[in-house]
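Asks: The structure under discussion is supplied below as structure tokens; questions concerning it will follow.
No lab work stands behind these numbers, since they all come straight from the coordinates. The structure presented is a predicted model; accordingly, all values stated were derived computationally and were not measured. Glycine also receives a Cβ, built like all others from the backbone with ideal geometry; neighbour counts cover every protein chain displayed.
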Amino acid sequence: MHLDTDLSRFRHTGEQPFTLADQPTSIGPLYSDKKDYKRKLEDITGEIDDLQNMMYAHDRYGLLCIFQAMDAAGKDGTIRRVVGGVNPHGVEIHAFKKPSEAELDHGFLWRTKVRFPPRGKIGIFNRSYYEEVLIVRVHPEILTRSQRLPPEHISDLDQVWEWRYEDIRSIERYAHRNGIHVLKFFLNVSKREQARRFLSRLEEPSKNWKFSEGDLKERGFWDLYQSAYEQAISETATPDSPWCVVPADDKRNMRLIVAALIRDKMRTFDMSYPQIDETRRGELKGFEAELRRQVDD
């Protein structure tokens, strides 16, 4: 299934300057109606499932997909619909919220590093170590209030962010060199569309549980978050671990684009099903013959 859009325009490798304000939050629909959307998404996710099966059998590559976004951009629904059709054995999904007391006794990459996917599987991070250069950058008091870092290491905030970008680039480079590719998604929702989605959560009783006063409080830091995302993407986008900035105002478009980008990434893996030599093939035929006798008895 081919989408009628140039997917490369959403992919950023760090080779060109990046400005978040230049990235669209909405594009024309990539589907004609709901039925067409479902058919296209099923075709793409079906191929992802096939590629993951081969990836598991080949056992040389893994794929980590990181999802970051402003509140209400649609991370949960996108993850659910894009990998929901993949064999559950081949997918590991982790959601990262506020660090626990035990996690705070380690470096900021520790809790995510131990959850990188093994070869053969797709790993999904719903938020990630990028929170350490996003929410912590918008609210730097977190460094002194809860992160238990030596004061001399956080006296220069500009240096803190540079160190963290460097550490992130290093861990992603390390993962890639060991066969685990990293694909990062920023679901780019507009401030107006976010407000509409918050209103929907208030207007529909079944969605009331999704809303909290903290959502409105963080919305007040919108410009600071946009700046933090722009800097993080600029500093950590590389050819091997690119950022994909996906228009998120239309959820169906967003899901189609995310699925196609994952599918296209997996197509680049040089993989195949293991080959069976003639000796083993003969053994398998013997097992087949014995099973057929048992069925016929």
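Asks: Return, for the Cα atoms of the stretch 1-133, the radius of gyration and Dmax in Å, separated by a comma.
Replies: Cα only, the stretch 1-133: 17.0, 51 Å (Rg, Dmax).
Asks: So, one more: Work from the charge dipole of the chain (Cβ charges, +1 for Lys and Arg, -1 for Asp and Glu, about the Cα centre) and give the residue of I66, V246, G46 farthest towards its positive end.
Replies: Looking along the dipole axis, the top candidate is G46.
Asks: When the chain is modelled as a GNM with alpha-carbon springs shorter than 10 Å, which of E152, E278, E193 fluctuates the most?
Replies: Between E152, E278, E193, it is E278 that shows the largest mean-square fluctuation.
Asks: Here's something else I'd like to know. What are the extents of the Cα atoms of the chain along their three principal axes, in Å, largest first?
Replies: Principal axes ranked by extent give 74, 50, 40 Å for the Cα atoms.
Asks: In a Gaussian network model over the chain where Cα atoms closer than 10 Å are linked, find which of D33, D76, D277 has the largest mean-square fluctuation.
Replies: D277
Asks: For the chain, what is the mean residue ellipticity at 222 nm derived from helices alone (per DSSP H run of n ≥ 4: -39500 (n - 2.57); sum divided by total residues; nearest 500 deg cm²/dmol)? Intermediate values should be presented prior to the final figure.
Replies: Values: 12 runs with 143 residues, N = 297.
Using -39500 (n - 2.57) per qualifying helix, the result is -15000 deg cm²/dmol.
Asks: If you add up the charges near S32, with Lys and Arg at +1 and Asp and Glu at -1, over every other residue whose beta carbon is less than 12 angstrom from its beta carbon, what do you get?
Replies: Working: positive: K34, K35, K38, R39, K40, R252; negative: D4, D33, D36.
Around S32, the charge tally is +3.
Asks: Now for a separate question. Given an 8 Å cut-off on Cα distances and at least 6 residues of separation, report the relative contact order of the chain as a percent.
Replies: Working: 392 pairs, mean separation 100.5, N = 297.
Relative contact order for the chain comes out at 34 percent.
Asks: Something else about it: Can you give the charge dipole size of the chain about its Cα centre, rounded to the nearest 20 debye, using +1 on the beta carbon of Lys and Arg and -1 on the beta carbon of Asp and Glu? Could the numbers behind the result be given before it?
Replies: On the way: 47 positive and 49 negative charges, 148 e Å.
So the magnitude is around 720 debye.
Asks: Using a Gaussian network model on the chain with a 10 Å cutoff between Cα atoms, which of K75, K285, K191 fluctuates the most?
Replies: Answer for the Gaussian network model of the chain: K285.
Asks: Given the pairs K38/K121; K75/K97; K97/K121; K38/K210; K38/K191, which are separated by over 20 angstrom at their Cα positions?
Replies: Values: K38/K121 25 Å; K75/K97 14 Å; K97/K121 23 Å; K38/K210 26 Å; K38/K191 27 Å.
Too far apart for the 20 Å limit: K38/K121; K97/K121; K38/K210; K38/K191.
Asks: If you don't mind, there's one more thing I want to ask. Between E152 and L109, what FRET efficiency follows from the Cβ-Cβ distance if R0 is 25 Å, with the result rounded to 0.05?
Replies: Details: r = 20 Å, r/R0 = 0.81.
For E152 and L109, the calculated efficiency is 0.80.
Asks: Sticking with this structure for a sec: Can you list residues from other chains, or at least 5 along the same chain, whose modelled amide H is less than 5 Å from the amide H of I93?
Replies: Counting only residues 5 or more places away or on other chains, the set is I124.
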